[in-house]
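These notes are about the structure you will find just below.
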Amino acid sequence: MNNASSKAIAVSHIIHDLLHKDRGLLLAGLISRLNDFQLAEDALQEATMSALKHWTRSGPPHNPMAWLMRVGLNKGIDQIRRGQREQRKSVDLADHFTADLEYDVHETIPDERLRLIFTCCHPALEEKSRIALTLRTVCNLTTKEIAAAFLDNEKAMGQRLYRAKTSLKAKVIPFSTPDEDKWDDRLETVLKTIYLIFTTGYVTEDTSPRSLCQEGIFLARLLMTLRPNEPEVEGILALMLLTDARNTARINVSGAAVPVEEQDSTLWQQSNIEEAQYILSKAIEKRRPGPFQIKAAIADCHMMKPNPDWIQMSLLYQSLWRFEPTPVVALNRAVVLAETERAELALQALDELKEDLKDYQPWYAARAHILRKTGNKSEACTFYKLAIEMSPSTTTRAFLETKLRELTQSRHP
């Protein structure tokens, strides 16, 4: 291998590592100045190609990030000029960015990355598009990786991402964080998007190096860094850490899901639990309760040993109902009620939810579980079979089949 080839390989590794770590920062800076997602992505791509050429010849610059930002902006301005539009604006952008380079890039961009998250999660976009755009621009997942997570083909996901960027531009949605009077509403949308990213990975049992669970946790940590002292941000991070801590214990050797209260707690990741409990305690001290803080507290109570604190969980679900008066919250509270020796009351609650949740598999699984607790084995078997038919995953199906088998054997010894 000649010297030129060795240099090119070394430079490509530098660029790859830089983009892996700081692509979100770079995009945030470019989007804030060019005000166009697609233009910013194209400009960054051109800048990296220029970097490979120039750095191989002259060596990497002292500040690679600033170099890519400056060249990326110039590429974007060139595209605007080639389109023969906004010529005056392009000059203003160049002047503005030159002033920015007086400072360290990592110090000047945090607010821009916060704006990037809020823009990607704008409520004007549909839920799936918000998730996809956040994963692409903030987390640097490839279109192929995002498509795989949603079981879509790459072309369809590429089209979805393109439409999302086009929609933001067409609706003239500003690249900004919301004003104070709109902060809570928009933050709720951002947190829901982050949690959907996490739960998508958790439900699909994603164990790849770029797992959606880890991307969700990364986004929550990033948001907490960019906007500290927000108790709901702390709450969602605590919730995801507690959930993720149980990951290695949630499926047994037979491939069946294991309920939290039946899991081997020695398999739980204790460092995650301790960090989550500390973060949650700091959030609660602020006395600004919210749904994610409550859900994190419920998860913590569920993981108590030797037994979950069902009484406290029941009270927490009452508090959660004030924020989220939904049938799913009511269903979860009914399941908890059954564990506090109020199974008949829990069945009444399920009856009231029948119409709302007639297509929701957990309702059938919950009814089977509670009927079993009341001793109604025959009807419990019926609902176990219905829940198995509707199961969304092989692990859930395997768990329910085990419970049905145990119940059938107890009826016919």
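Values as computed for the structure displayed
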item: Mean Cα-pair separation over length for the stretch 14-87, i.e. relative contact order, pairs under 8 Å, 6 or more apart, %; result: 36 percent
item: Gyration tensor (alpha-carbon) shape descriptor, the stretch 328-413, a/c threshold 1.5; result: oblate
item: Count, lysine Cα pairs under 18 Å in the stretch 272-413, 8 or more residues apart or across chains; result: 9
item: Per-peptide average of other Cβ atoms within 10 Å, ordering 37-46, 18-27 highest first; result: 37-46, 18-27
item: Alpha carbon convex hull of the stretch 363-413, volume per residue in cubic angstrom; result: 59 Å³
item: Residue 251 long-range amide H proximity, modeled H, under 5 Å; result: 258
item: Positive-end residue, the chain charge dipole about Cα centroid, Cβ charges, pick of 388, 56, 328; result: 56
item: Per residue, in Å², the accessible surface of the chain once ligands and nucleic acids are set aside, probe 1.4 Å; result: 51 Å²
item: Per-q log10 I(q)/I(0), the stretch 326-375, q = 0.30, 0.32 Å⁻¹ (Debye; single scatterer per alpha-carbon; no solvent); result: -1.21, -1.35
item: Dipole magnitude of the chain, debye to nearest 20 (Cβ charges: Lys/Arg +1, Asp/Glu -1, about Cα centre); result: 1040 debye
item: On Cα atoms only, tilt of 394-411 relative to the major axis of the chain in degrees; result: 0 degrees
item: Convex hull volume per residue for the stretch 1-56, taking Cα atoms only, in Å³; result: 66 Å³
item: Kirkwood hydrodynamic radius of the stretch 268-368, from inverse mean 1/r over distinct Cα pairs, in Å; result: 14.6 Å
item: Accessible area, probe 1.4 Å, largest first, for residues 162, 360; result: 162, 360
item: Tensor-based shape of the stretch 273-330 (alpha-carbon gyration tensor, a/c under 1.5 rounded, otherwise prolate or oblate); result: oblate
item: Whole-percent carbon and sulfur share, accessible surface of the stretch 154-301, 1.4 Å; result: 52 percent
item: Accessible surface of the stretch 302-413, 1.4 Å probe, proportion on carbon and sulfur as whole %; result: 51 percent
item: Nearest-ten-degree value, helix 127-137 long axis tilted from longest Cα axis of the chain; result: 40 degrees
item: Hull volume in cubic angstrom per residue (convex hull over the Cα atoms of the chain); result: 186 Å³
item: From phi via Karplus (6.51, -1.76, 1.60), per-residue ³J(HN,Hα) for the stretch 179-192 in Hz, x at Gly/Pro; result: 5, 4, 6, 10, 4, 4, 5, 6, 4, 4, 5, 4, 5, 4
item: J(HN,Hα) series, the stretch 318-323, from Karplus relation 6.51 cos²θ - 1.76 cosθ + 1.60, nearest Hz, glycine and proline x; result: 4, 5, 5, 4, 5, 8
item: Proximal lysines to residue 165, defined as alpha-carbon separation beneath 28 angstrom and excluding residues fewer than eight positions away on the same chain; result: 21, 75, 89, 128, 144, 155, 182, 192
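The values are calculated or read from the model by the stated rules, or taken from the named source; none is laboratory data. No experiment lies behind these values; they were computed from the predicted model shown. All Cβ positions, glycine included, derive from the backbone under ideal geometry; neighbour counts span all protein chains shown. When the accessible area is computed, the model is the full protein with side chains, heavy atoms only, and any ligands, DNA or RNA have been set aside. Shrake-Rupley method; radii C 1.70, N 1.55, O 1.52, S 1.80 Å.
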